[in-house]
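Input: a single structure, listed below in structure tokens.
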Amino acid sequence: MNDTTSPFLKGSRLGVFGGSGLYSIEGLQNIQELDIETPYGNTSDKILLGELNGIEVVFLARHGLKHTLIPTEIPYLANVWAMRSLDVRWIISASAVGSLQEQIRPLDMVVPDQFIDQTKHRPTTFFGDGAVAHISMADPFCPILSRLIAEIGEALMPEGRQLHHGGTYLCIEGPAFSSKAESNLYRSWGCSVIGMTNHTEARLAREAEIAYTTLAMATDYDCWHPDHASVTVGMVLENLKINAALANQIIKAVAEKIAETRPSSKSHTALKNALMTLEKDVPEKTRLKLDVLTKAYWGN
């Protein structure tokens, strides 16, 4: 793994998944609206392609621009496939989360390095239907991209707020928030934050050989904290307004750095030693769906 400029990433794009409260990127220029046809149906909304600080950026509001999709309804397969088809090789996920630890205060941000998945009704892979791959998820976030966003974020955090680098993101199905018993259980597991979307994206992004990281924006203490009110939509929205401006600053700075360095990592070759099925044994219909992801190994 290295963080030097990689020739094969020259011209590749940066993707951003905008979560609750982040439905655009400030400063995005020369914007085009794209409708991408995917083998998995429509994306969450129109994709915005533009330029930001020297790199082309692909933006997608994961819940839709009018926030009309619950976490279970998000078309994760279509969203990630569309990003890869547009030569996105890095994704920043900006996401609202609840804090499960005292030291992670509302309005703090977290760049986690681990996941626990508690979802029940999500797609977990592009593979199947005659094609098998087993990717490694030991380190589910790209360490290089995560370090980059953490270093930049720490330098931009206002006084009194903190960016925490490392921690475990607990992903639940939603759309309901957790019970107090569940919240305390997740705390006992050592989880740092709780959300409803990122684990699914990270697994699919790894299969798509896209480096993925999360900028998790703490809006509340979930419902476990005895001295704070249980999470409400109003509480989330109020703190999201404050966090969104800072998230935009961080994304702009990260875009500029990626434009300069084009960092490569093991994420970009995740399928190299993961494909189990030989190309000749894969049904044509399946191979065509997977071609955007596998053509480096299975030919064109």
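Values quoted throughout were computed directly from the atomic coordinates according to the rules given, and no laboratory measurement underlies them. What you see is a predicted model, and the numbers here were worked out from it, not measured in a lab. Cβ coordinates were reconstructed from backbone atoms using ideal geometry, including for glycine residues, and neighbour counts include every protein chain displayed.
Alpha carbons only, please: Rg and Dmax for the range 172-300, in angstrom.
Taking only Cα atoms of the range 172-300, I get Rg and Dmax of 20.1, 61 Å.
If I fit a long axis through the Cα atoms of helix 284-298 and take the longest principal axis of the Cα atoms of the chain, what angle between them do I get, 0 to 90°, rounded to 10?
Orientation of helix 284-298: about 80 degrees from the principal axis.
Let me know the shape class of the range 112-222, please: from the alpha-carbon gyration tensor, a ≥ b ≥ c as square roots of the eigenvalues, rounded when a/c is under 1.5, otherwise prolate if a/b is greater than b/c, or oblate.
oblate
I need the chymotrypsin sites (Phe, Trp or Tyr not before Pro) found in the range 70-143, filtered to DSSP loop residues with at most 15 other beta carbons within 10 Å of theirs.
Counting only loop positions with at most 15 other Cβ atoms within 10 Å, none of the chymotrypsin sites (Phe, Trp or Tyr not before Pro) in the range 70-143 qualifies.
Based on the alpha carbon coordinates of the range 1-157, what radius of gyration and maximum Cα-Cα distance (Dmax) apply, in Å?
My reading of the Cα-based Rg and Dmax gives 16.5, 48 Å.
With N set to the residue count of the range 7-298, report its C-alpha Rg divided by 2.2 N^0.38 Å to two decimal places.
On the way: Rg = 18.3 Å, N = 292, 2.2 N^0.38 = 19.0 Å.
The reported ratio for this selection is 0.96.
Return the calculated 222 nm mean residue ellipticity for the chain, to the nearest 500 deg cm²/dmol, obtained by summing -39500 (n - 2.57) across DSSP H runs with n ≥ 4 and dividing by the residue count. Don't skip to the end; give the middle numbers.
Details: 6 runs with 87 residues, N = 300.
Helix contribution divided over all residues of the chain: -9500 deg cm²/dmol.
For the chain, what is the charge dipole size about the Cα centre, in debye to the nearest 20, if Lys and Arg each add +1 at the Cβ and Asp and Glu each add -1 at the Cβ?
Values: 27 positive and 34 negative charges, 98 e Å.
With Lys and Arg at +1 and Asp and Glu at -1, about 460 debye.
Could you work out Rg/(2.2 N^0.38 Å) for the range 246-296, with Rg from alpha carbons only?
Values: Rg = 17.0 Å, N = 51, 2.2 N^0.38 = 9.8 Å.
That works out to 1.74 for the range 246-296.
Going down the list K266/K295; K10/K257; K10/K272; K10/K46; K46/K289, which pairs span over 23 Å between their C-alpha atoms?
K10/K46
For the range 134-194, what does the alpha-carbon gyration tensor say about shape, rounded, prolate or oblate, given a ≥ b ≥ c as the root eigenvalues, a/c under 1.5 as rounded, and a/b over b/c as prolate?
Working: a/c = 2.49, a/b = 1.31, b/c = 1.91.
Taking the square roots of the gyration eigenvalues as a ≥ b ≥ c, the range 134-194 is oblate.
Helix 198-207 against the longest principal axis of the chain: what's the angle in degrees, Cα atoms only, rounded to the nearest 10?
Long axis of 198-207 versus the principal axis of the chain: about 20 degrees.
Check I91: other-chain or 5+ apart residues with amide H under 5 Å from its amide H, H built from backbone geometry?
Amide H neighbours of I91: G15, A211, Y212, T213.
How high is the relative contact order of the range 93-185? Use alpha-carbon pairs under 8 Å, at least six apart in sequence, and give a whole percent. Please list the in-between numbers first.
Working: 81 pairs, mean separation 44.1, N = 93.
It rounds to 47 percent for the range 93-185.
Once you place label points 7 Å from the Cα toward the Cβ at T261 and A155, how far apart are they in nm?
Reported label-point gap for T261 and A155 is 1.0 nm.
Over the chain, calculate the relative contact order: mean separation of alpha carbon pairs under 8 Å at least 6 apart, over the residue count, as a percent.
Working: 621 pairs, mean separation 81.2, N = 300.
Once divided by the residue count of the chain, the mean separation gives 27 percent.
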